[in-house]
Ligand SMILES: [Zn+2]
Ligand SMILES: [Zn+2]
């Protein structure tokens, strides 16, 4: 793990990071302030969640990593029901305070939970598995917006998985993982970064200079990945991989794949980019998200900030 990465995400770190971003890009102030609130609340939930890893350990099958099966793929969220409920209860009021325009839907979700009428386990399972039809049926039956539901589930699951990540990361720390999805939770990355290369196999360095890491959008795990491979469709055709750079800052760019039309923001930490927690770094680049969407590219994954846009 490169030393530049800020690994602790205390609320004070996030507030400081938000301030740095606002100084650099004053026009992003509203969105940065909103998401700083959410990231701070998330870090508090992560610190408070008590995830029983003794219960979890016997369920892990690290030998399946070699076949590309993420570590938590076989673990039922059922055994994590208590921290899942706890995270949902803690996150909803923060989302409500931050996004007044969707407060009514969030209140409906809160009431369903308090009446024990919300199958959080089933909804979370469907969200993680990309079973859109389950989320769609729920949204229709309850008259709750699908985007609000996705936002609430994403933030909750992210808190739970971020709390779990440090307890299981040892299983994957020595692994050469050639996949575009996270070896721990199976989610796609929200951002990538280039750091100084250490002693790595040549397949990771093809394309020259610097090692590429992907940052998981849900559990926050970082893993190294090939420079010239699309994380979404896995093409290694260099002619199909382009990147666009902001004129004013060469440390920030967006990588796009002309094979599958996916885009992924990227930060070059070797260019003296200011140290930020990765989620805040991704939020500081929403103008590049907007640019890529306008050009017809799609994000690798839903994030709270591209959902709300
Ligand atoms: Zn993950
Ligand atoms: Zn692709």
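The values are calculated or read from the model by the stated rules, or taken from the named source; none is laboratory data. Fair warning: this is a prediction, and the values are worked out from it, not measured in the lab. Quick reminder, even Gly has a Cβ in these numbers, built from the backbone with ideal geometry, and neighbours come from all protein chains shown.
Condition check: surrounded by 14 or more Cβ atoms within 10 Å (Cβ to Cβ), outside the structural domain of residue 276 (by TED's automatic domain parsing), in contact with a helix residue (DSSP H, G or I) (Cβ under 6 Å, 6 or more places away or on another chain) and within 28 Å of residue 222 (Cβ to Cβ). Does residue 39 satisfy that? Answer is yes for this residue. Is it the case that residue 279 is more than 16 Å from ligand 1 (Cβ to nearest atom), outside any loop (DSSP other than H, G, I, E, B) and modelled with pLDDT of 90 or more? No; evaluated as a whole, the condition is false for this residue. Being assigned to a helix (DSSP H, G or I) and under 14 Å from residue 38 (Cα atoms) is not true of residue 83.
Among the residues of the stretch 259-268, some residue qualifies, meaning at least one is surrounded by fewer than 22 Cβ atoms within 10 Å (Cβ to Cβ), away from ligand 2 (no atom under 16 Å from the Cβ) and either assigned by TED's automatic domain parsing to the domain that holds residue 298 or part of a helix (DSSP H, G or I) (or both). Checking each residue in the stretch 42-54 for being in contact with a helix residue (DSSP H, G or I) (Cβ under 7 Å, 6 or more places away or on another chain) and in a helix (DSSP H, G or I) picks out 42, 43, 44, 45, 46, 53. When residue 189 is tested against (1) under 17 Å from the mean Cα position of the chain (by Cα); (2) in the same structural domain as residue 232 (by TED's automatic domain parsing); (3) surrounded by fewer than 21 Cβ atoms within 10 Å (Cβ to Cβ), exactly one condition is not met: (3). Of all residues in the stretch 192-210, exactly one satisfies the criterion of being modelled with pLDDT of 90 or more and either surrounded by fewer than 18 Cβ atoms within 10 Å (Cβ to Cβ) or more than 16 Å from ligand 1 (Cβ to nearest atom) (or both), namely 194. Taking residues in the stretch 255-272 that are more than 17 Å from residue 285 (Cα to Cα), and partners anywhere that are in a loop (DSSP other than H, G, I, E, B) and within 16 Å of ligand 1 (Cβ to nearest atom), the pairs with Cβ atoms closer than 6 Å and at least 6 places apart or on different chains are 260/232.
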